[in-house]
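K.L.:
Just passing along the structure, written as structure tokens.
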Amino acid sequence: MNHYVVALIVIILIAMSALCSGLNIALMSLHLPDLRRKAKLGNRAAKRVLPLRQNVNLTLASILITNVAVVSATPLILHDATNGWIAGIMSTLLIVIFGEILPQAWFSRHALAMTSLFVPMLRLMVVASYVVAKPLQLLLDKVLGHETPLLQSRHELGMMIGEHADGDSELDEDEVEIMQGALQLSEKRVRDIMTPIRRTYWLMPDEKITSARIDEIKTHNRSRIPIFNRELTKCYGLLLMKDLVGDDFDDQEYIIEDLPLHSCQIVGSMMALDTLFRKFISSGTHLIPVEKDDKIVGIVTIEDLIEEIVGHEIEDEADRLRSKQRVRAAG
């Protein structure tokens, strides 16, 4: 056989071996859930590859059968132009370097793009080897069963999201921080974010609301006042300051228990924050008393929960005013 013809055939065989080797590692490196998500988001490459990846045992068998056939044919072709030892050495070096190492290194870094590019070749391999590949697929499906989805733990998801802050990602630092904070909600407890009772402004139901009391409430900058008994074992509800806007406290005094109080639920100090989040949604209130051993030990607000998620303290106008006053007093 003409040496040029032999060289051309060997090049074609090595190229086929490289294609099979690269597609093998690329296809297996594509996770099925990732492909499904990308396909739903409109990624054209993922849509092309998804059917072949879903039927992975048939596709894999076709690739390997084609690769074995090509690798087996290479030394036979070289044998006609050289002796057996040289043919064996040449075919081994050519296949290892150009048919295995280089294509696998390249395809593994561009798995989706390269697999999508050679989808027609993959389909051709499936058709050409179907008689042998189909029984192998049925055997593998029977023995191995369906592919188990790979799910990440909460900590793994947090690390994956954190990696987006340093790389070329659509997510900015604030978005990353919020998602990481949300993932940690189930690991933190109400006691970690509540305001202790010693720092809580609260009143008893038999106390009077006078103009002096209103001034005191303004000083504490409270829009919601929890009403507890003296023993801190019962919550009568919340007094909303907006409900008192139309009342005249200069000429008249009011007993708190005679004023409209809004009911509220009580949560335990060991409740997880994700459960607390649902509790805020269902209760329709922004402040919830916290109890431990049947005694109220503090309060937690929806602002406390949001601050824990975003990872920053939220300052309102009154907070900024108090900060300025402290700065002036220190100066």
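The values are calculated or read from the model by the stated rules, or taken from the named source; none is laboratory data. What you see is a predicted model; the values in this text were computed from it and never measured. As a convention, Cβ positions derive from the backbone with ideal geometry for all residues, glycine included, and neighbour counts pool all protein chains shown. Surface areas here come from the heavy atoms of the whole protein model, side chains and all, with no ligands, DNA or RNA. Shrake-Rupley method; radii C 1.70, N 1.55, O 1.52, S 1.80 Å.
K.L.:
Of everything in region 221-241, what is part of a loop (DSSP other than H, G, I, E, B) and touching a helix residue (DSSP H, G or I) at 6+ places or on another chain (Cβ under 8 Å)? Give them in sequence order.
P.N.:
Asn221, Arg222, Ser223, Leu232 - these are the residues of region 221-241 that are part of a loop (DSSP other than H, G, I, E, B) and touching a helix residue (DSSP H, G or I) at 6+ places or on another chain (Cβ under 8 Å).
K.L.:
Could you tell me which of the residues Ile161, Ile197 is out of contact with any Ser or Thr (no Cβ under 6 Å at 6 or more places or on another chain), open to solvent by less than 60 Å² (accessible area, probe 1.4 Å) and under 30 Å from Gln265 (Cβ atoms)?
P.N.:
Ile197
K.L.:
Being touching a strand residue (DSSP E or B) at 6+ places or on another chain (Cβ under 6 Å) and outside any loop (DSSP other than H, G, I, E, B) is the filter here, so list the residues in region 242-254 that pass it.
P.N.:
Once the filter is applied, which keeps residues that are touching a strand residue (DSSP E or B) at 6+ places or on another chain (Cβ under 6 Å) and outside any loop (DSSP other than H, G, I, E, B), region 242-254 yields only Tyr254.
K.L.:
Let me ask you something else. Out of everything in region 129-148 that is open to solvent by 90 Å² or more (accessible area, probe 1.4 Å) and touching a residue at least 12 places away in the same chain (Cβ under 8 Å), what residue ends up being nearest to Arg53 (Cα to Cα)?
P.N.:
Glu147
The rows are residues; the columns are (1) closer than 22 Å to Ile288 by Cα; (2) among the hydrophobic types (A, V, I, L, M, F, W, C).
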{"residue": "Glu175", "(1), (2)": "no, no"}
{"residue": "Ile197", "(1), (2)": "yes, yes"}
{"residue": "Ala212", "(1), (2)": "no, yes"}
{"residue": "Leu238", "(1), (2)": "yes, yes"}
{"residue": "Val245", "(1), (2)": "no, yes"}
{"residue": "Phe249", "(1), (2)": "no, yes"}
{"residue": "Ile256", "(1), (2)": "yes, yes"}
{"residue": "Leu261", "(1), (2)": "yes, yes"}
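K.L.:
Looking at region 256-274 only, could you name the residues that are touching a Ser or Thr at 6+ places or on another chain (Cβ under 9 Å) and free of Cβ contacts under 8 Å to residues at least 60 places away in the same chain?
P.N.:
Correct list: His262, Ser263, Cys264, Gln265.
K.L.:
Filter region 53-68 for residues that are part of a helix (DSSP H, G or I) and open to solvent by less than 60 Å² (accessible area, probe 1.4 Å) and give the result.
P.N.:
Hits for region 53-68 are Arg53, Val56, Asn57, Leu58, Thr59, Leu60, Ala61, Ser62, Ile63, Ile65, Thr66, Asn67.
K.L.:
Separate question: Take Arg198 and decide whether it is touching a residue at least 24 places away in the same chain (Cβ under 8 Å) and not hydroxyl-bearing (Ser, Thr, Tyr).
P.N.:
In short, no.
K.L.:
While we're looking at this one, here's another question. Out of the residues in region 275-286 that are within 17 Å of Asp192 (Cβ to Cβ) and touching a helix residue (DSSP H, G or I) at 6+ places or on another chain (Cβ under 9 Å), state the one that is surrounded by the most Cβ atoms within 10 Å (Cβ to Cβ).
P.N.:
This residue is Leu276.
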